[in-house]
Each structure stands twice: as C-alpha cells, then as structure tokens.
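Below is one structure; the comments refer to it alone.
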Amino acid sequence: MAGIDENLAAEFEKIADPKELIGTIVRRFGDRAAIGTSGQLTGTVMIDLAVKAGVKPRVFTIDTLRLFPETYELFDEIEKKYGIKVERIQPDPAKIQKMVADNGEYLFFDSKEKQAFCCHLRKVEPNEKALDTVDVWMTGLRVDQSNSRAGTKKCEIILHGPAKRPVLKVAPLLDWSEKQLREYMAANGVPMHKLLNWNQDGWYYESLGCVICTTPIGPNEPRRAGRWRWFNSLEGDDKECGIHNNKTHKDEV
C-alpha cells in the first residue's frame, strides 16, 4: 500500500472521474479510507458513486447531539438503501455537560469565541477521533460553497494529531455544481435530506448543521448566511465550524 505523500496526492489528482477516484481509494485503503458527511448533497452522491464503483464505502458522520430530526432520518434511509452502516461519532458527554453547566445551553449566542468552543467540542473533537482511524478522508467540500472554500484543493495532505500523522484529504466532487448534484440524485434515486427540498416564499436551506445554529437563507443571500446568522454582520467571518480549518489539524497539540 502506498504511503500518504505528495506522490499519492498527485496520482489521485490525475483521476478526473469521481466514481473512479472513490473506487480506487476504497480498493486501495479499505477501512482506512472513509467518507465523512453531514447528510448534504455531495456526501450522499459520493456514497452512491462508491457503490456504483463496486465498493462498499466506510461512512461516518459527526453526531453533535443537536442535529435536525430529518438528518437522522436521512442516515437511516441511506443505511437501508445501500446496506452500509453510517458511523455516528458523538462528542464526549462529560465535556458537553461541563460546557453547558459553565456557560448555559445556548452559549453560542454570546460570542464567536463561545460558538467556536461549542463547535470544537461537538464537531471538531469527534472529527479528530474519526480521523484517528483513517489514512484517506473523503469530504463533500466544493469550491462553490463559500469564498473561504473557493481555494480548496481536490487532494491535500493534512497533519493530524500530536504526532502530525499525514492524512490525505480528498474532495472528489470539488468542481460539481448544486445543479449537477441534484440532477444526478434525481436520475439515480439518491436519498436527499428533506430540508434541502424545503422552500417557503423563496426561503430555503442551503447548508445544514445543528438545530438553532442553522436557518434558511433568503433570495440573494450567501450560501452559508444561514449558519450562525447572528454573526452575519462580522467582517471577514468565514462561517466555519473548524472541521475544515487546516489550522485545526496542523497546530493541534
């Protein structure tokens, strides 16, 4: 098995077809490769592509314990349709209990720092736990999702954990548009999160996370305007929870 290095990243970069790329990764790395998804369009399409490539993918999600009921319903549907198990990685209950006791249940309204703290315990730490078990992490990042994601690479080596172990982070559908994703899902019967088809007077869900911290967006609003909406007035806010912030991986101690 090839090691995780720039040569491997360059090899995978050359595979233009996402189905071939996902299939190649799973065949080569087995359970040391996994699709991480929150149930949005790209993640479910990646699962379908993997199955069509003739492999059974390992799939995990970060269960913050505050997800929409429709999110849990989607994962149940995915498991039934594809005959796979979606690993649901949860935060440390003792840490969550202490955070709420010290700061209140709705601390994320107080400041960006407290929102980041809540996200760190509920999302980042469980994601790091998942990454402890993989060499290749396949994500649903796309360049059209936000300004902060426009420069995302299809293949990137991140340094994980105190040992700075290299993990290859791959975004197979990096250049796909939402239109492409929806057309693929409709043509192939891919399960879709119910809220992603919700629309009321032009308001709709574009990006899904925790209940309360996720709201619909209106016409002409940026894609991630519905995440932590009360911080929309802050200049330069990239509206990220920390999972896809490379500094999280490179500077972790």
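Determine, yes or no, whether residue 207 is modelled with pLDDT under 85, small (Gly, Ala, Ser) and surrounded by 19 or more Cβ atoms within 10 Å (Cβ to Cβ). Walk me through how you get there before you give the answer.
Details: modelled with pLDDT under 85: yes; small (Gly, Ala, Ser): yes; surrounded by 19 or more Cβ atoms within 10 Å (Cβ to Cβ): yes.
Yes: the conditions hold for residue 207.
I'd like to check which strands (runs of 3 or more DSSP E) are fully inside the stretch 1-95 and have at least 1 residues that are modelled with pLDDT of 95 or more and among the polar types (S, T, N, Q).
Details: elements: 33-36, 59-62, 86-89.
Counting at least 1 such residues, we get 59-62.
If only residues of the stretch 65-85 that are in contact (Cβ under 8 Å) with a residue 60 or more places away in the chain and not β-branched (Val, Ile, Thr) are counted, the one that is nearest to residue 122 (Cα to Cα) is 66.
Surrounded by 16 or more Cβ atoms within 10 Å (Cβ to Cβ), in contact with a helix residue (DSSP H, G or I) (Cβ under 8 Å, 6 or more places away or on another chain) and in a loop (DSSP other than H, G, I, E, B): which single residue out of 137, 176 fits that description? It would help to see each step written out before you state the result.
On the way: 137 fails: in a loop (DSSP other than H, G, I, E, B).
After ruling out the rest, the residue left standing is 176.
Within the stretch 86-116, being within 25 Å of residue 35 (Cα to Cα) and either surrounded by 13 or more Cβ atoms within 10 Å (Cβ to Cβ) or in contact (Cβ under 8 Å) with a residue 40 or more places away in the chain (or both) holds for 86, 87, 88, 89, 90, 91, 92, 116. Applying the set (1) loosely packed, with under 13 Cβ neighbours inside 10 Å; (2) touching a residue at least 24 places away in the same chain (Cβ under 8 Å) to residue 163 leaves exactly one unmet item: (2).
Is it true that some residue in the stretch 144-155 is within 16 Å of the chain's Cα centre (by Cα), farther than 21 Å from residue 55 by Cβ, assigned to a helix (DSSP H, G or I) and modelled with pLDDT under 95? If you could, list the steps in order and put the result at the bottom.
Kept after step one, since they are within 16 Å of the chain's Cα centre (by Cα), are these residues of the stretch 144-155: 144-146, 148-150, 152-155.
Still in the running and farther than 21 Å from residue 55 by Cβ: 144-146, 148-150, 152-153.
Filter once more, keeping what is assigned to a helix (DSSP H, G or I): 148-149.
Those left that are additionally modelled with pLDDT under 95: 148-149.
Within the stretch 144-155, one or more residues are within 16 Å of the chain's Cα centre (by Cα), farther than 21 Å from residue 55 by Cβ, assigned to a helix (DSSP H, G or I) and modelled with pLDDT under 95.
Look at the stretch 196-222: where a residue is of a type outside the set (Val, Ile, Thr) and a partner is outside any loop (DSSP other than H, G, I, E, B) and loosely packed, with under 14 Cβ neighbours inside 10 Å, sitting 6+ places away or on another chain with Cβ atoms under 9 Å, you get 204/197; 205/197; 205/199; 216/199; 216/200; 222/147.
The values are calculated or read from the model by the stated rules, or taken from the named source; none is laboratory data. Note that the coordinates shown come from a computational prediction; the quantities given were computed from them, not determined experimentally. Here the Cβ is made from the backbone with ideal geometry for all residues, glycine too, and neighbour counts use every protein chain on show.
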